[in-house]
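The values are calculated or read from the model by the stated rules, or taken from the named source; none is laboratory data. Please read all numbers here as calculations on a predicted model, not as lab measurements. Every residue, glycine as well, gets a Cβ built from its backbone with ideal geometry; the counts of neighbours run over all protein chains shown.
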Amino acid sequence: MKKIAILGSTGSIGTQTLEIVDEQRDIEVIALSAGGNIDLLEKQMRKYKPKYVSVWEEAKAKELRENTLDLGIPIGYGMEGLIETATIKESEILVTAIVGMLGIRPTIAAIKAGKKIALANKETLVTAGHIIMPLAKEYKVPILPVDSEHSAIFQSLQGAGTNSIHKILLTASGGPFRGRTIEELKNIQVEDALKHPNWSMGRKITVDSSTLVNKGLEVMEAKWLFDVDLDQIQVVVHPQSVIHSAVEYEDGAVIAQLGTPDMRLPIQYALYYPERRNLSGKRLNLFELGNLTFEEPDSKTFKGLELAYKAMRRGGNIPTVYNAANEKAVCLFLNRQISYLQITELIEEAMKQAAFVEAPDLEAILQTEAATYAFIDDVLK
């Protein structure tokens with residue numbers, strides 16, 4: 001039996017991870033954490049009987065305890081609860097499906113506790129890759145990517161041996177607004193941004209996909225995961241989302257991973273690596289496809305991608321500014337407090353004004369996040 005803990009069990013990646021648990025029947029759920037969806041979390045507790053559960057707010061934890069007294073499962077809250085979930089003794093794999101920089105501290109703690117990391121929290125590497133990757137190497141802990149693109153790259157590297165990467169081809173669907181002009185984006189509403197053409201994802205990441213910020217975050221993540229230069233990562237818009245990403249080697253050979261848009265595949269691959277298991281669902285039928293098309297990304301209209309490259313080239317704490325400004329801006333957009341185009345405008349403004357820190361430790365990263373949030377609050381006042 002594999003024994004797992006999940007950070008973010010009620011979100012898109014978390015619930016799909018539990019679908020794999022149901023299908024494979026040889027995974028024991030040791031611990032779960034969630035944000036505020038305690039109704040779904042209670043259902044998960046009753047079904048999987050974990051040894052520990054945590055939520056973010058103390059009041060929610062109290063309510064959940066009262067609702068599950070019959071189960072006798074300990075329930076924590078806050079950062080302490082996340083870290084306990086991540087490091088619980090009985091688990092061997094931590095699925096980091098939590099959204100945002102909240103994932104950094106529990107991921108560090110899990111690495112130090114010797115847990116394998118199934119990484120779906122890209123912000124951890126975007127903001128703290130210079131801390132996480134050396135730490136994982138020191139503790140000999142594998143970091144197995146769960147993002148479909150990074151899993152595709154990882155799968156395309158199997159059997160590469162000592163051969164080096166010439167280029168990573170990081171694919172992007174282009175999002176719901178591919179081909180639109182800036183003028184056409186001025187009146188975009190929340191409902192429009194949440195209609196992704198191919199993937200079923202959480203609200204925040206769906207908006208990120210529409211602005212190409214998600215692809216920018218993935219570029220940063222790929223740099224850390226695969227130890228390549230930024231110039232070796234090429235973003236390719238591929239509207240069909242069939243080629244999930246590819247690797248070009250020195251001899252010109254391109255190895256790609258193809259499949260239907262189903263997040264369960266990369267999740268399951270990370271959980272069972274290097275074993276491949278049968279997975280239910282629609283299979284790729286090349287005869288039905290007909291054509292696969294490719295385009296260059298429109299970085300002028302969708303500035304999120306270009307700003308990510310700028311942030312990563314400058315380095316230091318600027319990727320944290322990029323990420324934090326986006327988290328804040330997307331939250332404001334989803335709450336209808338700013339317009340769609342203001343998301344990348346606020347990211348750009350935050351990056352321009354940020355106090356540069358060349359080699360930020362964890363405290364400096366968190367201070368940068370707080371300072372970026374405060375800057376955006378001041379701008380909007």
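Some notes on this structure:
- Taking the stretch 88-135 as the range and being among the hydroxyl-bearing types (Ser, Thr, Tyr) and surrounded by fewer than 24 Cβ atoms within 10 Å (Cβ to Cβ) as the test, no residue passes.
- Among the residues of the stretch 329-370, those that are crowded, with 18+ Cβ neighbours inside 10 Å and within 21 Å of GLY129 (Cα to Cα) comprise ILE347, ALA350, MET351, ALA354, PRO360, ILE365, LEU366, THR368, GLU369.
- Of all residues in the stretch 249-260, those that are within 12 Å of ILE168 (Cα to Cα) have Cβ atoms under 7 Å from Cβ atoms of residues that are of a type in the set (Asp, Glu) and surrounded by 14 or more Cβ atoms within 10 Å (Cβ to Cβ), 6 or more apart or on another chain, in VAL254/GLU248.
- Scanning the stretch 209-247 for residues that are in contact with a helix residue (DSSP H, G or I) (Cβ under 9 Å, 6 or more places away or on another chain) and among the charged types (D, E, K, R) returns LYS215, GLU218, GLU221, LYS223, ASP227, ASP229.
- Going through (1) assigned to a loop (DSSP other than H, G, I, E, B); (2) outside the structural domain of VAL219 (by TED's automatic domain parsing); (3) not polar (S, T, N, Q) one by one, ILE267 falls short only on (1).
- Test result for LEU265, farther than 15 Å from PRO297 by Cβ and modelled with pLDDT of 95 or more: yes
- Selection within the stretch 143-155: residues that are outside any loop (DSSP other than H, G, I, E, B) and β-branched (Val, Ile, Thr). The member of this set that is nearest to ALA120 (Cα to Cα) is ILE143.
- Residue in the stretch 16-33 that is surrounded by 15 or more Cβ atoms within 10 Å (Cβ to Cβ), touching a Phe, Trp or Tyr at 6+ places or on another chain (Cβ under 6 Å) and not assigned by TED's automatic domain parsing to the domain that holds ILE365 present: yes
- Wholly enclosed helices (runs of 4 or more DSSP H) of the stretch 156-262 bearing at least 2 residues hydroxyl-bearing (Ser, Thr, Tyr): 203-211
- Filter result (modelled with pLDDT of 95 or more and in a helix (DSSP H, G or I)) within the stretch 105-123: ARG105, PRO106, THR107, ILE108, ALA109, ALA110, ILE111, LYS112
- Strands (runs of 3 or more DSSP E) wholly inside the stretch 1-97 that include at least 1 residues being over 21 Å from the mean Cα position of the chain (by Cα): 2-7, 27-33, 52-55, 75-77
- Selection status of LYS140, basic (Lys, Arg), surrounded by 18 or more Cβ atoms within 10 Å (Cβ to Cβ) and either part of a loop (DSSP other than H, G, I, E, B) or touching a residue at least 24 places away in the same chain (Cβ under 8 Å) (or both): no
- Residues in the stretch 95-117 that are over 20 Å from LEU40 (Cα atoms) and in contact with a Pro (Cβ under 8 Å, 6 or more places away or on another chain): LYS116, ILE117.
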